[in-house]
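See structure below.
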Amino acid sequence: MTARRKSSKTCHAVKPDGARCRANAVLESGWCFFHHPALAEERRAAQSLGGSRIKTLAADAPDVKVADCRDVVALLGTTINQVRRGQVDPRIGNAVGYLAAILIRAVEQGELEGRIAELEAIIKTQSTALPDSAIMETDS
């Protein structure tokens, strides 16, 4: 589709309900893109694209490993470059970035829970190793 400047005039077309089209006319033609008789082929081409403009990866693209932050950084780097090259739609790139942020938070949460469990185990073994008299002395 070629870029066209809009004029200040509105389209001459009359809609089926009798109302005038209020879209701007293309150049000095007096017609908007949707009603201009000479643009019928371009209009059909644009309509045939429909929702298929979103570029996604092929169905057989291999899964990527995303077990830790390094994996996520690699995925984001790859996705950024795919978006830049037009291989992946920017909306897909945004979704990958959003999901990657959630994944990173989940990984960090899991690591934190692991560290807390280790500390609790250390404290439990230390408290069972102390004699009862030592525990009583620390309470007073």
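No value in this document is a laboratory result; all are computed from the given coordinates. In this text the structure is predicted, and so the values were computed from the model without any measurement. With ideal geometry, Cβ positions are generated from the backbone for all residues, glycine too; neighbour counts draw on all protein chains shown.
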Item to check | As computed over the range 54-127, the Cα convex hull volume per residue (Å³) | outcome: 83
Item to check | All aspartates and glutamates inside 20 Å of LYS55 as judged from Cα atoms, apart from same-chain residues fewer than 8 positions distant | outcome: ASP63, ASP89
Checklist entry - Just in the range 25-74: which GluC sites (Glu not before Pro) are loop by DSSP and have at most 12 other Cβ atoms within 10 Å? => result GLU28
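Between LEU112 and ALA67, what is the FRET efficiency for a Förster distance of 22 Å, r being their Cβ-Cβ separation, to the nearest 0.05?
About 0.85, to the nearest 0.05.
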Checklist entry - Nearest 0.05, what FRET efficiency do SER48 and LEU99 give at R0 = 30 Å with Cβ-Cβ as r? => result 0.45
Checklist outcome for this item: Non-local residues with an amide H under 5 Å from the amide H of ALA25, with H modelled 1.01 Å from N and Pro and chain starts lacking one, are SER7, LYS9, THR10, CYS11
